[in-house]
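The values are calculated or read from the model by the stated rules, or taken from the named source; none is laboratory data. No experiment lies behind these values; they were computed from the predicted model shown. With ideal geometry, Cβ positions are generated from the backbone for all residues, glycine too; neighbour counts draw on all protein chains shown.
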Amino acid sequence: MHPMLTIAVKAARRAGNIINRSSFDLDKLTVQHKNHNDFVSEVDRAAEDAIIDILLEAYPKHQILAEESGARGDSEYQWIIDPLDGTTNFLHGFPQYAVSIALLHKGVLNQAVIYDPAHNDLFTASKGGGAFLNDRRLRVSKEKYLKNALVGTGFPYTDFSHLDAYMGMFRDVIQKTAGLRRPGSAALDLAYVAAGRLDGFFEIGLKPWDIAAGCLLIQESGGLVGDFRGNETYLDSGNIVAGNPKIFSQLLQTLAPHLTGSL
Ligand code: IPD
Ligand code: CA
Ligand code: CA
């Protein structure tokens, strides 16, 4: 394993332990409102602090971009961290959430870890080195037809500016696929595409920490990731479509009629 990935795995497991311990005492947590329907708990912050401590102990000069504490440092290496992706699920005891850590080198995705502490699933990828679930090499699914595909998504729930466009996409996708799922953690949804558990995924307006690690996992397992036009702006725009190559292109075609100017 690449030494930087080993450090990231250590950080993700440490954060996962914090999350697992707290999951037994959810009613004791202090929860704050960031925005409408957007919550943060002391667990998000404790997990993030633990991750950053481990990364900076090993690489004191590296740059950090983390959901709860923002950006710091200046280096050609940047760690992008979501300490707890799926906070709403976590707060309800719904066991679908994950720690997500990615490393960019000169702006290019280089290492990725997504750790699901409730199921002890560790997803990892290194650029050019493939993607793994625990010790097993990952490949995206072989499904050829959208009508047979299981697709993941995230519904808008804090920012409703693209709700009409989203509802149009929803209407078409539920009619043209075998099923649409909203599990509640974008990072894990992308890891599931890499693992072939989902054939495709789309969501509007995600943040870099939701998707950076998942994108590398998908690319390293033979899948494709793009924005709604199939281009490479997804890390900045957060508008993302992913899938095995066949489902990716059929999803793009299905979503295309619903694209308004800013999508
Ligand atoms: C959220 C989850 C969710 C997605 C949201 C994200 P958080 O992350 O990934 O699936 O639909 O857009 O913000 O807030 O739980 O870290
Ligand atoms: Ca997130
Ligand atoms: Ca989060």
Residue satisfying all of: in segment 227-246; in contact with a helix residue (DSSP H, G or I) (Cβ under 6 Å, 6 or more places away or on another chain) and β-branched (V, I, T); surrounded by the most Cβ atoms within 10 Å (Cβ to Cβ) among these: I240
Subset of segment 163-188 [closer than 23 Å to S262 by Cβ and within 12 Å of ligand 1 (Cβ to nearest atom)]: Y166, R182, A186
Restricting segment 189-199 to residues that are over 23 Å from S262 (Cβ atoms) and in contact with a helix residue (DSSP H, G or I) (Cβ under 7 Å, 6 or more places away or on another chain), the residue that is farthest from ligand 2 (Cβ to nearest atom): D199
Selection count where residues are free of Cβ contacts under 8 Å to residues at least 40 places away in the same chain and within 13 Å of ligand 1 (Cβ to nearest atom), scope segment 66-85: 1
Any hit, segment 84-93, residues being more than 15 Å from ligand 3 (Cβ to nearest atom) and either in the same structural domain as R14 (by TED's automatic domain parsing) or among the polar types (S, T, N, Q) (or both): yes
